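Worksheet: the structure to be examined is printed underneath.
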Amino acid sequence: MTIRENANWLRSIFWCCALGLALLAIQNAVSSDHDTGKVIGSILGTLLFGFSGFVFKTHKVVFDLDRRTISLTHKGFRHTAQQTIPFADVEHIVIVKTFHYEEDLLPANRWQERWYLALQCRNEIVTLTHNPSVRKEEASLLAEKLQLILGVEILDSDQESLAMLLKTGKKAEAIALAIRSLGMTVTEASQHVESLR
C-alpha cells in the first residue's frame with residue numbers, strides 16, 4: 001500500500017507558470033506602450049510561482065508487506081529525507097484532530113475541523129499525512145486500512161489529539177483544539193496544555 005501527497009509534476013507546473021510570467025514581464029517591459037502595473041504584477045507572479053516550486057515538497061509512504069517495514073520519503077527541490085520503520089515498532093495509529101482558521105468563511109464558521117494520521121511508535125511520532133483531510137470519514141477509512149496491515153489499535157479522541165499535537169511541538173494547535181472541542185477559554189486551554197507537557 002502506498003500513500004502519496006503532492007505529486008512531483010506540480011513543481012514543474014509552478015516553474016512553467018513562473019517562466020510564462022517572466023516572458024510576459026519582458027514582453028511588457030520592452031513594448032513601446034508598456035504598462036508598469038503589468039510589468040510589476042508579472043515580476044511578482046514570477047517570484048511567487050518560482051519560490052513555490054523551490055519550497056514545494058512531496059511525501060510518499062510505502063507499506064512493504066514482505067519486509068514488514070514502512071518507508072517514508074520526503075522530497076524537496078534538492079533535499080530528500082528517507083526513513084524506514086519496522087511494523088513491530090508501531091504501537092498505535094492516531095487520528096489527530098486539529099482546527100484550521102478559514103478567513104473567507106462567515107465568522108461563525110471560520111474554525112474548521114481537519115484530521116490527519118500519525119503513528120505512535122516506540123521511540124517517536126511519525127506523521128503519515130501532511131495534508132489534513134476535510135472530512136473525518138476519509139481519515140477514519142485510511143486508518144482502518146492501515147489497521148488491517150499493522151494490526152494495532154486506532155486512537156481517536158480529543159485527549160489523544162492533544163497529546164499528539166504537544167509531542168510534535170504544535171502547542172498553538174493544541175490550544176485551539178482545547179478551546180474549540182473542550183469548550184475552554186483561552187486561559188483555561190493554555191493552562192490545560194501546559195499541564196499536559
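For the stretch 32-66, which positions are in contact with a Ser or Thr (Cβ under 9 Å, 6 or more places away or on another chain) and without any contact (Cβ under 8 Å) to a residue 12 or more places away in the chain? Correct list: ASP64 only.
If I ask for residues that are surrounded by 17 or more Cβ atoms within 10 Å (Cβ to Cβ) and under 27 Å from ARG180 (Cα atoms), which ones from the stretch 128-153 would you list? If the condition is that a residue be surrounded by 17 or more Cβ atoms within 10 Å (Cβ to Cβ) and under 27 Å from ARG180 (Cα atoms), then LEU128, THR129, PRO132, SER133, ALA139, LEU142, ALA143 are the ones that fit.
Residue-by-condition table, conditions (1) at positive phi; (2) part of a loop (DSSP other than H, G, I, E, B); (3) small (Gly, Ala, Ser):
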| site | (1), (2), (3) |
| --- | --- |
| CYS17 | no, no, no |
| LEU24 | no, no, no |
| HIS34 | no, yes, no |
| VAL39 | no, no, no |
| GLY53 | no, no, yes |
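Taken over the stretch 55-85, the criterion of being in a loop (DSSP other than H, G, I, E, B) and crowded, with 16+ Cβ neighbours inside 10 Å is satisfied by PHE56 alone.
When LEU162, LEU177 are checked against the criterion of being touching a Phe, Trp or Tyr at 6+ places or on another chain (Cβ under 8 Å) and of a type outside the set (S, T, N, Q), LEU177 stands alone in meeting it. Filter the stretch 1-31 down to the residues that are surrounded by 14 or more Cβ atoms within 10 Å (Cβ to Cβ) and of a type in the set (S, T, N, Q), then identify the one that is nearest to HIS59 (Cα to Cα). Only one residue fits best here, namely ASN6.
Yes/no per residue for (1) at pLDDT 90 or above; (2) more than 14 Å from the chain's Cα centre (by Cα); (3) closer than 30 Å to PHE54 by Cβ:
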residue: THR80; (1), (2), (3): no, yes, yes
residue: ILE85; (1), (2), (3): no, yes, yes
residue: ALA108; (1), (2), (3): no, yes, no
residue: GLN112; (1), (2), (3): no, yes, yes
residue: TYR116; (1), (2), (3): no, no, yes
residue: ARG122; (1), (2), (3): no, yes, no
residue: HIS130; (1), (2), (3): no, no, yes
residue: ARG135; (1), (2), (3): no, yes, no
residue: GLU138; (1), (2), (3): no, yes, yes
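Applying the criterion of being of a type in the set (A, V, I, L, M, F, W, C) and free of Cβ contacts under 8 Å to residues at least 60 places away in the same chain to the residues of the stretch 162-178, the residue that is surrounded by the fewest Cβ atoms within 10 Å (Cβ to Cβ) is ALA172. Scan the stretch 86-103 for residues that are hydroxyl-bearing (Ser, Thr, Tyr) and open to solvent by 70 Å² or more (accessible area, probe 1.4 Å) and the total you get is 1.
Of the candidates GLN120, GLN159, the single residue that is open to solvent by 20 Å² or more (accessible area, probe 1.4 Å), within 18 Å of ILE85 (Cα to Cα) and without any contact (Cβ under 8 Å) to a residue 60 or more places away in the chain is GLN120. All of PHE99, PHE56, PHE51 fail the test of being among the hydrophobic types (A, V, I, L, M, F, W, C) and over 29 Å from ALA176 (Cα atoms), apart from PHE51.
The values are calculated or read from the model by the stated rules, or taken from the named source; none is laboratory data. Just so it is clear, the structure is predicted and the values come from calculations on it, not from any experiment. When we count neighbours, we look across all protein chains shown, and the Cβ atoms used for this are built from the backbone with ideal geometry, even at glycine. Please note that ligands, DNA and RNA were not included when accessible areas were found on the heavy atoms of the full protein model with its side chains. Shrake-Rupley method; radii C 1.70, N 1.55, O 1.52, S 1.80 Å.
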